[in-house]
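Below is one structure, written out as structure tokens; comments come after it.
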Amino acid sequence: MRNVWTICRRELYAYFVSPIAWVLLTIFAVLSGVFTYIISASFVRASLESQMSGQSFPMNVNEQVIAPLFSNIAVVGLFLIPLISMRLFAEEKRQGTIELLVTSPVHDLEIVLGKWMAAVLMYAALLAVLALDYSFLFIYGNPDWKPVATGFLGAILQGACLLAFGTFISTLTRNQIVAGAIGFALALVLWILNWTTSFGNSDTVQVLNYLSIVSHMDSFSRGVIDTKDLIYYVSMIFLGLFLTARSLESMRWKA
Amino acid sequence: MIQVQGLSKRYARHVAVNNISFSVEKGDIVGFLGPNGAGKTTTMRILTCFMPPTEGKATVAGYDVFEKPHEVKKHIGYLPEAPPLYPEMSVEDYLTFVARLKNVPVADVKSRTEQVMERCACADVRNRLISKLSKGYRQRVGLAQAIIHNPDVLILDEPTSGLDPKQINETRELIKSLAGEHTIILSTHILPEVEAVCQKVIIINKGRLVATDSVENLKTRAGVGSAIQVQIDTAGEAEAFIVRQRLEQVAGVSKVLDRGASGSRFVFEIESLEGRNARADIARAVVHAGWNLLELKSSTLTLEEVFLELTGSHTPPPPVATPAAATGVAQ
């Protein structure tokens, strides 16, 4: 465990002394800020209209602001996550520092876990910016905090899952751009799988829909923790990390 | 400390290391010598558990590299050909990270980091980013990284490559000062380096073991039946063949070879019978014939010639590059 933390700490160091973390934080702050503004502005307008029209429509901050915000953020995540994970192993391979890691008394799994954990924490730092946006909703409104909490949990799980696959992809190449591009393509595929629902409701479609990563966010952002979604995320994380560990091992045989 | 038996590493298209065996005693500094692409790096990578061997067995500090890699790694400090440095870290942060990674006890991390920075003369750049360091400093930080957990065995892959002569000397001195506490294997293709630093040499070529012996033994072994070179000035009194005949008559001489002439000066290479030193007799014979003896030296082979001979490129003077450069790079 100590080794995992040692590696995780160095990775965080690498994120935050290099421009990566700050560029990502900036992009994310701008995007999440814009989304928060647009969605809450239209919510305010709708509530004004409902007051002026005399009939009061049921208005709910959680359903009309926070839930759509989470699904927007989930999509933003798809784009930013490959940028977080692409360097994890590709950079080590390019610099030759991978030789230091794999000849140190550290198990492969510890290396993988440490790096993945750092990436998840990096992603959590992005979500912290979103929490800052939400704090305004709590100052000026009165939303229920539970769907917010589950929404963050869902966002983290989704991120952790994509990062696990991103880490795996990063072990396959020494070129960061390639790792980023493949990671992005994979995220895109996992995202659009649920578009197949428009083709009906056959078994295949249901399977594809289950595999789609975004569809599992919905219940979280509505405040529901569904075991089905939880199992999906956890098993995908395991799969991603397992593949990473195997890939790292196979690298030795091929080296 | 290190035992290697029948070690091989094969790739799909070529054999990088072919059935080599050697052993290294505790406290030795061993030079791992061979032309580029001979399999030095591959062998080192197997010893450091970076990659498994295709065949054979290797044990370091009593642990098998394949069965107990974790234990082996604890006892090895490794400096790869390109020092494994993170450019975005400062020297001190980097060494602290490596200390933790190598399982240095938490309480000792700081003091060990200080010690190795002093030892490797990089304390003055402790706060500098590694990306801003000169090549010489990078190499020092690389060495510091290798010794930070006080390993029993140090494996250094071309520790002086790319350094300037002053830095090369400093690095060699540093390596020598590490002897005793550590068993050291260092790879190189620079021969004077081996003579300067190592007690023992392992020569490999094209993945095969060519020789393993002490530096002294190798030199004398190749110097047996050593040749004597003479330069004689006959001042126009005699032709080359007469001089040669005269020399051939000297007791103990087995063979006389023409090695060129200019005017009345002749150079001969004389091989004496084993165990005989014919130098005194040759000198007397030359003087007796009334010629001038300009030069008389016994040419024991330098390590360089031994090396060239052993690695298959022929001895006589022209120091041709060994053909092994074509055998592919050890990756």
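The values are calculated or read from the model by the stated rules, or taken from the named source; none is laboratory data. Please read these numbers as outputs of a predicted model, since none were measured by experiment. Cβ sites come from the backbone with ideal geometry, for glycine too, and all protein chains shown count toward neighbours. The area values use the complete protein model at the heavy-atom level, side chains included, leaving out ligands, DNA and RNA. Shrake-Rupley method; radii C 1.70, N 1.55, O 1.52, S 1.80 Å.
So if the hydrodynamic radius of the stretch A:61-218 is defined as the Kirkwood radius over C-alpha pairs, what does Stokes-Einstein give as its diffusion coefficient at 37 °C and 0.692 mPa s, in µm² per second? Display every interim value, and only then the final one.
Details: Rh = 17.1 Å.
Once the numbers are plugged in, D ends up at 192 µm²/s.
Calculate what fraction, in whole %, of the accessible area of the stretch A:2-254 sits on carbon and sulfur atoms when a 1.4 Å probe is rolled over the protein chains.
Carbon and sulfur together cover 70 percent of it.
Which cross-chain or sequence-distant (5 or more) residues have an amide H under 5 Å from the amide H of A:Asp144, H modelled 1.01 Å from N in plane?
For A:Asp144, whose amide H was placed from the backbone, the distant partners under 5 Å are A:Asn62.
Provide the percentage of antiparallel DSSP beta bridges, counting only those with both residues in chain B; round to the nearest 5.
70
Starting from the coordinates of the alpha-carbon atoms of the stretch A:36-118, obtain the Kirkwood hydrodynamic radius over all distinct pairs and give the value in Å to one decimal.
Result for the stretch A:36-118 stands at 16.9 Å.
Find, among the GluC sites (Glu not before Pro) in the stretch B:44-111, those assigned to loop by DSSP (not H, G, I, E, B) with at most 11 other beta-carbon atoms within 10 angstrom. Walk me through the numbers before you get to the answer.
Details: sites: B:Glu55, B:Glu67, B:Glu71, B:Glu81, B:Glu88, B:Glu92; in loops: B:Glu67, B:Glu81, B:Glu88.
Here the GluC sites (Glu not before Pro) that fit, given the DSSP loop and packing criteria, are B:Glu67.
For the stretch A:182-212 and the stretch B:71-126, compute the distance between their C-alpha centroids and round to whole Å.
If we compute the Cα centre of each part, the gap is 48 Å.
Given the DSSP H assignment, sum -39500 (n - 2.57) over each helix run of at least 4 residues in chain A and divide by its residue total; what's the result at 222 nm in deg cm²/dmol, nearest 500?
-27000 deg cm²/dmol
Given Cα pairs under 8 Å that are at least 6 residues apart, what percent is the relative contact order of chain A?
28
Compute the longest continuous run of chain B that contains no exposed trypsin sites (Lys or Arg not before Pro); treat a site as exposed when its DSSP state is not H, G, I, E or B and it has at most 12 other Cβ atoms within 10 Å.
Answer - B:27-331.
When each pair of different Cα atoms in the protein assembly as shown is counted once in the 1/r mean, what is the Kirkwood radius in angstroms, to one decimal?
That comes to 28.9 Å for the protein assembly as shown.
I want the antiparallel fraction of DSSP beta bridges within the protein assembly as shown, as a percent rounded to 5.
Approximately 70 percent, going by the DSSP bridge assignments.
To the nearest 500 deg cm²/dmol, what mean residue ellipticity at 222 nm is calculated for chain B from DSSP H runs of n ≥ 4 alone, each contributing -39,500 (n - 2.57), summed and divided by the residues?
Mean residue ellipticity, 222 nm, calculated: -9500 deg cm²/dmol.
Which of the chymotrypsin sites (Phe, Trp or Tyr not before Pro) found in the stretch B:35-119 are in a DSSP loop and have at most 16 neighbouring Cβ atoms, other than their own, within 10 Å?
Details: sites: B:Phe50, B:Tyr63, B:Phe66, B:Tyr78, B:Tyr94, B:Phe97; in loops: B:Phe50, B:Phe66.
Passing sites in the stretch B:35-119 are B:Phe66.
With only Lys, Arg, Asp and Glu charged, each at its Cβ (+1 for the first two, -1 for the last two), find how big the charge dipole of the stretch B:227-299 is about the Cα centre; round to the nearest 20 debye. Please list the in-between numbers first.
Numbers: 9 positive and 10 negative charges, 28 e Å.
For this selection, approximately 140 debye.
Using alpha carbons only, how many degrees (0 to 90, rounded to 10) separate the axis of helix A:145-171 from the longest principal axis of chain A?
30
How well do other chains shield peptide A:101-111, expressed as the mean number of their Cβ atoms within 10 Å of each residue Cβ?
Mean number of neighbouring Cβ atoms from other chains: 6.
Going from the alpha-carbon gyration tensor of the stretch B:227-299, what semi-axes, largest first and in whole Å, does one get by taking the root of 5 times each eigenvalue?
In descending order the semi-axes read 18, 12, 11 Å.
Can you give me the angle between helix B:165-178 and the longest principal axis of chain B, using Cα atoms only, in degrees from 0 to 90, rounded to the nearest 10?
Compared with the principal axis, the helix lies near 70 degrees.
Give the shape of the stretch B:52-175 as rounded, prolate or oblate, defined through the alpha-carbon gyration tensor: a ≥ b ≥ c are the square roots of its eigenvalues, a/c under 1.5 means rounded, and otherwise the shape is prolate if a/b is larger than b/c and oblate if not.
On the way: a/c = 2.05, a/b = 1.39, b/c = 1.48.
It comes out oblate by the Cα gyration axes.
What does the charge add up to near B:Pro80, with Lys and Arg as +1, Asp and Glu as -1, over the other residues with Cβ less than 10 Å from its Cβ?
Values: positive: B:Arg45; negative: A:Glu99, B:Glu81, B:Asp157, B:Glu158.
Around B:Pro80, the surrounding residues sum to -3.
Sequence-distant or interchain residues sharing an amide H contact under 5 Å with B:Gln199, placed H: which?
Sorted by chain and number, the residues that satisfy this are B:Ile29, B:Gly31.
Would you tell me the mean number of C-beta atoms belonging to other protein chains that fall within 10 Å of each C-beta in B:45-52, as a whole number? Can you show the working numbers first?
Working: counts 5, 0, 1, 4, 5, 7, 6, 3.
Per residue, the number of nearby Cβ atoms from other chains is 4 on average.
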